[in-house]
Every structure is written in structure tokens, then in C-alpha cells.
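Student: Structure provided below as C-alpha cells; questions to follow.
Every number here is computed from the coordinates shown, using simple stated rules; none is lab data. From a predicted model like this one, the values you see are computed outputs, not experimental measurements. Counting neighbours? That spans all protein chains shown, and the Cβs are built from the backbone with ideal geometry, glycine included.
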There are 2 protein chains.
Amino acid sequence: MDIADLRKTHPDHWNKAAAIRALTLDAVKEANSGHSGMPMGMADVATVLYEKHLKFDAKNPTWPDRDRFILSAGHGSMLIYSLLYLTGDAEITLDQIRNFRQWGAKTAGHPENFLVTAIETTTGPLGQGIANAVGFALAEEVLRARWGKKIVDHHTYVIAGDGCLMEGVSQEAIALAGRQKLSKLIVMWDNNGITIDGKVALSDITDQQARFKASGWSVFECDGHDPEDIDRAITAAKAADTPSMIDCRTHIALGSSAQDTSKGHGALTDDQLIADAKEAYGWPYGPFEVPGDVKSQWEAIGSRGAEARADWQQRFEKLSASKQGEFERMMSGDTPKRLASTIKALKKQMSETAPKVATRKSSEMVLEVINPIMPETFGGSADLTGSNNTLTGDLGVHDIDNRAGRYLYYGIREHGMSSAMNGMALHGGVRPYGGTFMTFADYARPAMRLSALMRQPVTYVMTHDSIGLGEDGPTHQPVEHLAMLRATPNMNVFRPADTIETAEAWELALTSKSTPAVMALSRQGLPTVRKEHKTKNLTAQGAYVLADAEGKRMAILMATGSEVSVALEAREMLHAEGIGTRVVSMPCWELFAQQDESYRKRVLPAGPVRVAVEAGVRFGWDQWLSGERGRANKSAFVGMEGFGASAPAETLFEKFGITAEAVADSVKALLS
Amino acid sequence: MDIADLRKTHPDHWNKAAAIRALTLDAVKEANSGHSGMPMGMADVATVLYEKHLKFDAKNPTWPDRDRFILSAGHGSMLIYSLLYLTGDAEITLDQIRNFRQWGAKTAGHPENFLVTAIETTTGPLGQGIANAVGFALAEEVLRARWGKKIVDHHTYVIAGDGCLMEGVSQEAIALAGRQKLSKLIVMWDNNGITIDGKVALSDITDQQARFKASGWSVFECDGHDPEDIDRAITAAKAADTPSMIDCRTHIALGSSAQDTSKGHGALTDDQLIADAKEAYGWPYGPFEVPGDVKSQWEAIGSRGAEARADWQQRFEKLSASKQGEFERMMSGDTPKRLASTIKALKKQMSETAPKVATRKSSEMVLEVINPIMPETFGGSADLTGSNNTLTGDLGVHDIDNRAGRYLYYGIREHGMSSAMNGMALHGGVRPYGGTFMTFADYARPAMRLSALMRQPVTYVMTHDSIGLGEDGPTHQPVEHLAMLRATPNMNVFRPADTIETAEAWELALTSKSTPAVMALSRQGLPTVRKEHKTKNLTAQGAYVLADAEGKRMAILMATGSEVSVALEAREMLHAEGIGTRVVSMPCWELFAQQDESYRKRVLPAGPVRVAVEAGVRFGWDQWLSGERGRANKSAFVGMEGFGASAPAETLFEKFGITAEAVADSVKALLS
């Protein structure tokens, strides 16, 4: 690749790409931090993609049928900010570019979906973007099957770096996409041979083309600085009937003295280096200056899709009013009106029949009534369908020959599943839920955190939520996972006690627009504790008085999930000894913390001793044991002190001392 | 594969393998849970491996130069328990087999390294075993380079299932092993085409042979039920100069009516099915009965390696006494005597020079003095060497042509790195540490939990431990990670305040034999807070009085890491206003919790108001804010309430209100 040659043969292309490179150098210099080399290396590919292929309308970044562009290598954020500014995005102004990485700016260090409308997904943790993209492409398939090509027909383009491809989640994503033949997914690999520590070869010799082919992808390659070659490769990828990977041979930090070095990966702030690079680009303009003709050409690209969008709008308006409404409802994430009455009816029935079932089974009973009335739900499991109880009768299995199917066999890929669910939620029109054992929240953790950060209402169905799973032993028994999940901002962790609380939790998860939900569900059967029907969703308050003290209130028992019935049993024992005991069910700490102080005080008044019981570690419980504002309460915790063990569940509860007797004894010790 | 044919042509082999199958059926039936199909499918491969290849001496399971056998598909635990019982392992008796999955038995649902000496690693969470194995093989390489082939020269064999290969961590492991040409690593893939949800093809079409080849592995295949073919494949794999994968075509639940079905994956407990399967095996014996001749043949296999072990012992004893002592010291995990004095000397120097450096830099300063005196350390980073400050001058980079090198460029593979470190620690002779950004503890999480469960002293160097990293923004800023790690049993989470606490933390991490350590280290420079030299390791107490109140003690400030200096500054402000304030540095909660109650009360006496300051979420802090046994303390927390943001670090501390002023104001509000 000879820059001088390219400047001569493709002056228009060159200048458009140079604008990206120059803005990147200027913004990183101004911020004195960031990553210059990636945008400088991928500017040509991005320019060709935007100019020739990407279906978008810069003034309408929420157009539902736009192509999705995902910068999986999120550290190269100046690439996407430059593209947005140049094409005329309303939010990313030149001021925003100047304020790159500053407090309050939309141009954060890594692209954040919640700061910029046109940014499809937050990226930065490597490998997430390419795995999100699988979800975007899946959502497109399922919506196209439902609405037809006239309404839904778009591509998902990804720029991924070496880091994305080294992260294990990329393998899960690649294998999923290959299996599902997601032909509208096109990954452009920024093959620059450089990572932070040095050359890629220091740590990797993988033949990436062969790796992708092994999972059923079509593979193309191009000189990542030759616009015709890039165009040819993208055109070919679009024609493939499988997902495509384009191996783009690029030079990181192109045209600078840091080209092809790991130095070029980071922040290039040396004045001379910047001046020399701009000289090489033939870019005599001042910092943040883009000449009018180049800006105009970019703005023309930005409005290139306006006509297609208008055509789409016309087609959309030919749908019946009810269909339009339904499409808009699903894209907006609103729930159907019937949801509330459906949940209420189920609750009523359950309070009457009072079944003794595992809450994973309860969850299935809820899904059996929800899925038929919410066509936007999309379920799945990481190879534990029969254990997670996630597949209901009406969904149909999503597959190459059944794109309308709403259930995916994700395989043993908790991380890939979770990242794909983020992608589906971000795409819109689909409300994903997926199951695994709760202990494997560990595998899904990077994606779960991003659900919370990105404010996406993904539902994690996590069964086998304690030592109650029994014989599989400590690797499979979560003890610290409730704490881990509760510590995460913006995540509602539900641990329902019975079918009724499970139904309430699902209602809350499904009506959320900006908070992911975890359903911590038991393997073992649990009695119905809510035998009196209430139309009100009590779980919405996070915690509530399930059974109050008879006589003088001397103790409060707090419990969640499978231990609520343990607390109720302890209450009976204590009442038999004349110790008035209240039981508070706490299915969702986060929602309880959001109630006003007076409600919290009514539920947990000062005075009585407090005992919490949960088959997990104590970590975090002191928040509720110690009382509001440090008021004194004698308190104790009955739960786990370390890892579990392999034995039948009943034995484990007995051996680890999580029993009604232990709870009652604990209360009596505090009172004595 | 025709069973009748195999029984006829290879009666001895057949019966040995049938013993595994029958014991599996009996144990799972007795436990009424477990996984029958995998041992039934892989019995032939395991039999040939043990009979013809595995270098081991059943009576000496800790022989340092034994081959390592890792059952990555840990749910098939009856395979390894059967092999141990049959070959004459002292711990796995027939009684243990009968008590499979029961309380107190060594035969847990999944194999646990801490229950059975001969079990090299805990497996069950899929993909971990194959990733551990990379660490075992790396440890073997580095030790062979140091001690020579006469002392260290063994293979690492892995049985991995489809689930292991679907998990992303397997890709990280495969790529690492391929890059490092770990030719003594041999993976036997149980290619049975079945997962829990059904056929593998439901969720995967990956050509695994091509995938492994793409990362530089040699690939072989065999009929997994034909002993000659298996032998041929293993022999060929041993001769390869790269890591090898053997594609073993097997039938899950071989010979039963559940063969080749997902039902066969689980617990086969139907009496008729069991009777029919035993009939097909030609196995007329009662439950748990192994005829004497078959047991004798297996025991002969178990003692096959006794001579090789005795030869090894002779070679070992030819080493000088000091070399023998050093080898045994390193294998046992004892630290060299010089460690204590080296740490003390560094502490003294640091308290005198009182540098203002980031604790990630402090950590490097410590490693610079430790690595030269501890040849067993093995460092690395997941592509953040220059940021994690993990590479010291003397280590040398581990590579194909420098097997003595003690530093590995792991690539962008936090999970693979962490699993490999577990493998190294389990192998013995190597004490691994590895770096990444603390927020990417998320990626490493499944392996970190296993370090804790398996009681392995792996050290996680986690830099950029708060919003103090600045512009990279919320994806890179841990806020809930301290809580997540502290909630995990048996994990020491150190967050040192300066170079001296960092040195103390490293001393504790390096002298631990059964608890992993996390070093939460700052990106930003921190002043030295321990200006008075103390030879005693104060961090060993977990928390201690760093600066006491002048005059009446009215407030206690608790802080960790970068916020300790914030607390000290607040103390100055409060003293200026006559408010006597104690500052408690709490570098390790876990160690503080292990102190006796009287020490904890001396450090945190009842009475004064308490304010904790930490640039993370409050979750978990109420344990210390609420006081021992619920004694009343007015208290407050200064920290994060949600995710961070992208801006310079100083701006973020200011905007999120984590400042000395905010701490002082908080104390005054509590006192007013």
C-alpha cells in the first residue's frame, strides 16, 4: 500500500478517509488519551462501507430497517464518532468531537449506546460486539420471517479486531452464526497484526480464515486500503448464503511514524508525529478542520439512504393500522395490554390450587401463558432446555428452515447466548430470555454487566439457584452469585418463593424497558406461600410482609426464594413458644431499596430481632440486618459460609444448618 | 462398532472396559443421579490410555513426573472414579464408589481435586479442564527446561466433550497451546454427537478438526471403541511436535437402549435398561462386583509405572542435596527463606523514600525484588503488560525457543490465562500470576471461582481498579467487582493503599498455599501513607489503625486502596475543626474477618460515627459500618452508586463526590 499512489488514483476516497484519520489524530491529541491507530487503519474500509453499502439515513438513526453497524473494536471509538459527525448525525457535532473523552460529552472513551442514538451497542470489552451482532442478525431473521422482506430486510456489519477474535466469546458467536447460517451478518476483520503487547504473533498463530470456515462461514479478503478491493469483498460477502468474514489487511496508524507498531495502537499525541502524518495524507488543514467539499461529500453519503427510508415508510404505511401498531409496540418494547390480566388470572389460579413445584417449573407455567400473547419473546437455553424449563409449546425452534421459530438451542455457550440476547434487545422488536444454571452466571458475566450498563431488558433464567440442586456439588452450586448479581448496578435480581411471586417477577421483567432481570429459580419443589390471592403485584415492592406476628412482634424473619417456606415454618415453631414473628419475603432487593423510607420502615420496623435466611453467603445482607440508618437491631444470618458439597439436597440443607429449627434457635438466642 | 464382535476379538480389553461401564451404571443407579453415558462411551479410550500410555503409579499419585490425566468433561466423574478404584488407588475404595454423590464421600458429583489426591483438577464447569491442561503443559515445559528431561518429562492427557469445545474458553486454550507448541498436550475429544438438548448438530456444525488445525494442532482420529485404533492414534499424537487432538468417534451410553441419545447423557436408572446393557456387555456380575481376574488386570496396569517411578526416584536422588531441596521446596509451594527479609528491606526503603506512584507500579517494584529470589514465579498478562506492570527484567519471555522463560504473553484471553494459571498451580513447581484490568475479572470469573474452590494460590494482578482509570469510561471502570470478589469464599482481595501495603499483600499472596489472591491496583499515582517503617506485616491483620484520633475519638474513617489517602486528608480537615478522627486502612477484609473479635473491636470500637470511603459500590460495606453484633453506629458511605463515566480521573472523583471534603462533610452531618 502506497499512500502517495492511493492519493493520486483515488483522490475523493482518500480525502474522505483522511478526514476520519485527521479528526482521530486531533481528538486524541486534544484528550491526551484514546486510541489513534485503529481508526487510522480502518478508515478506508469504513469509508467504502458507508459510501457504497451501509443502508442508513444519518438524519433518522432509529429507522427500524436500517443496516446495523457495530464497532466491536470499541477502543477505536473515534472511527464511529468521525463517521457520525461527517455524515451529519444530529448528536455528534464538532463540539462533541472536540470534547472527546470529557465529562458530559457524548463522545465517551468507548462508544455508549445510551449516550448516542446512532450507536447500536456499547463496545469496549473485546469480543462483545461480534457476539452482540449475532443477536442483531437473529432478530432480523425472526422479524423478517414475521413481517416480510418489505418491512425487515437489513444487514449487520461488524468491525472486529484481533482482540475480539482472541476472546473466547467470539468462538461462541462464530459457531452460533455459522450454525444458523446468518447470511446477513458480515464481519470485517481489522487484520493489522498488532496488539498492545506487540505483534499478534507473540500470542497467536491462528489461521482466522480457516477458523471461520470451520464453522461454516464464507471468507473473503481484501487490501484494507484499496477502495475497489474493499468494495468487491463487501459485495461478495453480501451475496453469500452464510455469514461472511472479510479479512481486511490493514496497517494500524497508517501513514504515521507509528504505523505497524503497538505504539500505534494507543494515543498518538506527539506534535511532530501528527504533523508528519497529516503531511503524508496531504491534509493541510487545522485541527478539527474538514474542508467544505469533503464534508459535503460525506453529508451526501449521510443522506444517501433517505430515499430508501422514505420508500420503506410508504411500504410500512400500507400495512393495516393494527399491524403498524403492533410493529411499533414491539419495536418500542411496550407490553401488550393483556399481559396484566393474564398474570392476574394465573396468580388467582395458583393461589387456589397452591401447587408444590420448583420455581423453575413455575417459570415455565408463566411462560406458557405469556409466550402466546407476546409474540416478541424469544427464548433459549445454553443446552439445559429441560432443566431450565424455558421451551414452551407454542414457540417453535428457530432454525434455517423455520426462521419464525422463537426458541434457540444456543449450545453450551452461556456467554455467547447472553451477548446475543443483548444484541436482540438492542435491535428491538424482540424480547429475549435465556436459561442456564445460576452458577454459570460466571460464564455469562461480561455480557450480563453490559445488559445492565446498556439498560437492556434481557431476562436471565437462572435455575438451580443454591445447594438445593444437590448432588452436582460445589462447582454447580451458586453461593456467592446472588451477591455478585445484586452488587451490579441496574440489575433486578428476583428470587421468587413460589409460582405467584414467579409470575409477578416475570411481569416486572417483561414490563421493564431499561433494566435486565435475573430469575433465580429453584431446582427443588417449593410449597405455595401466597395462598391468599392479591391482584396487586407485591413483588414490585421488592419486599413485603408475607405473614405477620401473632401477638407481640418480637422477631422478623427475612428470606428469599426457597428459604421463605423455611422462615414460615420457623415462624410456626416460634409462635408455638409464644414468640411473635413476622416473615418478610424479599424477592427483589433492588426494588425494595427503591421504595420510600416509610414503606421500608413499615416492613422492617426497628425493635424486633432480625434473622435473615438464604442459602447463599451473607455478603450484602447486613444492609437489611443492621436496620435503616444504623438503628440497633440484634440480628443473625442463617445461610452458607463457604462452598457447598455433593449430596442430596435435603442432606445439604440439614448439614449446612439451613433449617427452620436453626432459624428458630437463632431467634431464641438473640432474644435470650 | 459391533459389541459382539469386539467382545470376541478383544476379550481382555472388553472386560476391562466393561468393568468401568458396569460400575458406572451401578453407582449412578445407587445414587439415583449422575451421568452414565459419558463413561460408557469413553471407557475404551480410557482403558487403552491407562493400559498402554499413561505414565502413573496408582500407589504414588503425587509422583512429580507422572503424566497428568484431566477429565475435562467432569460430569463423567464415574469414569475417573472407576479408573482409580480399578487400578488400586488407596482413596477410591469400593465403598466410595457405592457412596457416589453422598455426603462425606470422596466420590462427589464432579471430581474435586481437594477430595481425592489423584484427581489433578476439579472439573464440571465445561471447558475448564482443557484450559487447565494448557497450564499443566506449560508448567511441564518450564520445569523441564529448568530441571532437565531426567527429572521432568511427562504428558498431559485430556478427555474433552462437545460441551468443552463449545465453551469459548476452549478457543483461548487451543490458540494458546498451538502458539506455544505444547507438544506434550494431548486432547482426546469424546465425539459422540450428543448434548443435553439433543444432537450436537442442533447447535453446532463446527468442523473441530479444522478448527484445531487452524491453531497449529496436529489432529488424529480413531474409532473410539477399537483398542488398536485408539492405541495407534495416541502413539501418533505422542510423536507430534505440536499439541494433538484425537477425534475419538464414540457412542454415548454404548450398548444400552439409550445409546446415541441425549437421554443417555444423564442418569440411567431404569432396571431393565441396566440389565439389558450388562447383558450386551456379557457382564453377569452383581452390582459393584468386578471379577477377580479383571480387577487383577487393572491392578497390574496400576502398578505398571512403579518401576519408572523408582527409576525416576534414583535419578532424583543423584541430584545434589541442595537441588533436591530446592525441587521439593518449589513443588510443595514453600517460599524461600529470603522472602521475608527482602520484603522488609523494600518496605523500609519505601517508608524512607515515600514515593508517589500508582500501586500497579508499586506491584512492579515488588516483583522486581521477588522474581529474582523466587524462580518458581511465572508471570504474564492478557495483552496489557505495560499497563499491568507484570513483566520484570529477569523473567525472560516464555516461548518455543526459550522454555525457561517465565513470562507469557497470553494474548487477549483473560479466561484462558486464568484457567491456565489454575493448571500451573495444580501441577506444582510453578507459582503463577497474571494481569488484566480489574473490570475484566468478569471474563476470568469462572476460573477465578475455581482457584478459590480448588484452593490454589494463584495471584490475579488487577490494575485500573476504579473510576481512577479515567477516560476509558464505564465499560473499563470496575464498581461492583470488589464486592463480587469479596463475596467469593476463600479469596483474599487485597486493595493496598501504597507501595508498602502492596509489598505486604504480595508477601501474603506468595506465602499462601491454599487461597488465591486478587491485587486490586490503581492506575493513578498514590502517596505513600505508611511513612513510619514497621517490620510487622500489618496487612496480614486485614485492617489496622493507620492514623489515630487526636483528642477525643469522634469518628472512624474506613478506606481501602486509593481512598486511604482521601481519608487521611479528611482526617486533617476534621482535626482542624476539633473532630478527633481515626483512619483505618482495610486492605483485606477477609483477613480482618479472620482476626479475633477483640482485635476487630480495638480497630473499630463502638461509639464513634463511621464513614467508609471506597470508589466502588456500597454493597458489603454494611458489615463494617453496622458494627460488631449490631451495636449502633451512625454511619455513612462515600463511594459509587452506579456505573462510572468517561472523563479524566480527577474530574470523576470530583463529580462522583469521592473527595476528602465529601468525607469530612459526611462525618459532620452524622455528628450534628
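Student: Net charge near B:ALA420: determine it from the other residues with C-beta under 10 Å of the C-beta of B:ALA420, scoring Lys and Arg +1 and Asp and Glu -1.
Tutor: 0
Student: Work out the mean other chain Cβ neighbour count within 10 Å for the residues of A:477-490 and drop it here as an integer.
Tutor: For this peptide, the per-residue mean of nearby foreign Cβ atoms is 6.
Student: Using Cβ contacts closer than 10 Å as the measure, can you line up A:ARG360, A:ARG232 from fewest to most?
Tutor: In order of increasing Cβ crowding within 10 Å: A:ARG232, A:ARG360.
Student: Return the percentage of antiparallel bridges among DSSP beta bridges fully within the range B:338-527, rounded to the nearest 5 %.
Tutor: Approximately 15 percent, going by the DSSP bridge assignments.
Student: Other chains' Cβ within 10 Å of B:433-446 residues: what's the mean?
Tutor: Mean number of neighbouring Cβ atoms from other chains: 4.
Student: Right, something else. Projected onto the charge dipole of chain A (+1 at Lys/Arg Cβ, -1 at Asp/Glu Cβ, origin at the Cα centre), which of A:LEU670, A:ASN113, A:ALA240 gives the Cα projection farthest towards the positive end?
Tutor: Most positive-ward Cα: A:LEU670.
Student: Shifting gears a bit: What number does the protein assembly as shown give for Rg over Rh if you use C-alpha atoms and the Kirkwood radius?
Tutor: Over the Cα atoms of the protein assembly as shown, Rg/Rh equals 0.96.
Student: Separate question: Out of all DSSP beta bridges in the protein assembly as shown, what portion is antiparallel? Express it as a percent rounded to 5.
Tutor: The antiparallel proportion sits near 10 percent.
Student: Right, here's the next one. On average, how many beta carbons from a partner chain sit within 10 Å of the beta carbon of a residue in A:599-611?
Tutor: 0
Student: Report, in deg cm²/dmol and to the nearest 500, the calculated mean residue ellipticity at 222 nm for chain A, where each DSSP H run with n ≥ 4 adds -39500 (n - 2.57) and the sum is divided by the residue count.
Tutor: Calculated from helices alone, the mean residue ellipticity at 222 nm is -13000 deg cm²/dmol.
Student: How far, in nm to one decimal, is A:PRO284 from itself in the other copies if the label point is set 7 angstrom along Cα toward Cβ? Shortest first, please.
Tutor: 10.2
Student: When the label point is put 7 Å from the Cα of B:ASP394 along its Cα-to-beta-carbon vector, which residues of the range B:343-360 have a backbone N closer than 13 Å?
Tutor: Residues B:343 qualify, since their backbone N sits under 13 Å from the label point.
Student: Between copies, how far apart are the B:ALA669 label points? List them in nm, one decimal, shortest first, with each point 7 Å from Cα toward Cβ, please?
Tutor: Taking the point 7 Å beyond Cα along Cα→Cβ, the inter-copy spacings are 3.6 nm.
Student: By what distance, in whole Å, do the Cα atoms of chain B stretch along each of the three principal axes, largest value first?
Tutor: 94, 54, 44
Student: How about the range A:271-310: which chymotrypsin sites (Phe, Trp or Tyr not before Pro) there are in a DSSP loop, with at most 16 other Cβ atoms within 10 Å of their Cβ?
Tutor: Answer in residue order: A:TYR285, A:PHE288.
Student: Which whole-number percent gives the relative contact order of chain A, counting Cα pairs below 8 Å spaced six or more residues apart?
Tutor: Worked out over chain A, it gives 12 percent.
Student: Another question about this same structure. Take the Cβ-Cβ distance between A:SER296 and A:ASP5 as r, set R0 to 25 Å, and report the resulting FRET efficiency rounded to the nearest 0.05.
Tutor: So the FRET efficiency works out to roughly 0.45.
Student: For an R0 of 60 angstrom, estimate the FRET efficiency from the Cβ-Cβ distance between B:GLU532 and A:SER303 and round to the nearest 0.05.
Tutor: FRET efficiency, B:GLU532 to A:SER303: 0.30.
Student: I've got another one for you. Mind checking which helices in chain A clear 27 Å along their axis (Cα) and have mean Kyte-Doolittle hydropathy of -1.0 or more, DSSP H runs only?
Tutor: A:11-31, A:128-147
Student: For B:SER296, go 7 angstrom from Cα along the Cα-to-Cβ vector, then report the distances to that same point in the other copies in nm, smallest first.
Tutor: Between copies, matching label points for B:SER296 lie 9.8 nm apart.
Student: Using the 10 angstrom Cβ neighbour count as an exposure proxy, how do B:HIS154, B:HIS53 rank, fewest first?
Tutor: Ordered from fewest to most neighbouring Cβ atoms within 10 Å, B:HIS154, B:HIS53 come out as B:HIS53, B:HIS154.
Student: Which entries of A:LYS150/A:LYS181; B:LYS59/B:LYS318; A:LYS52/A:LYS263; A:LYS52/A:LYS323; B:LYS361/B:LYS601 show an alpha-carbon separation above 26 angstrom in the structure shown?
Tutor: A:LYS52/A:LYS263; A:LYS52/A:LYS323; B:LYS361/B:LYS601
Student: While we're looking at this one, here's another question. Please report, in cubic angstrom per residue, the volume enclosed by the convex hull of the alpha-carbon atoms of the range A:338-527.
Tutor: Measuring per residue, one finds 103 Å³ for the Cα hull of the range A:338-527.
Student: Direction-averaged shadow area of the convex hull around the Cα atoms of the range A:540-671, nm²?
Tutor: Seen from a random direction, the Cα hull of the range A:540-671 projects 7.8 nm² on average.
Student: May I pose another question? Over the range B:3-310, what is the relative contact order in whole percent, taking alpha-carbon pairs under 8 Å and six or more residues apart?
Tutor: 26 percent
Student: So how much slack lies between B:GLU572 and B:GLU550, counting 0.36 nm per residue of separation and subtracting their Cα-Cα distance, in nm?
Tutor: 6.9 nm
Student: Let me have the relative contact order for the range A:152-207, percent, based on Cα pairs under 8 Å that are six or more residues apart.
Tutor: 47 percent
Student: Arrange the following residues from fewest to most other Cβ atoms within 10 Å of their Cβ: B:ASP44, B:ASP334, A:ASP26.
Tutor: If I rank by nearby Cβ atoms, fewest first, I get B:ASP334, A:ASP26, B:ASP44.
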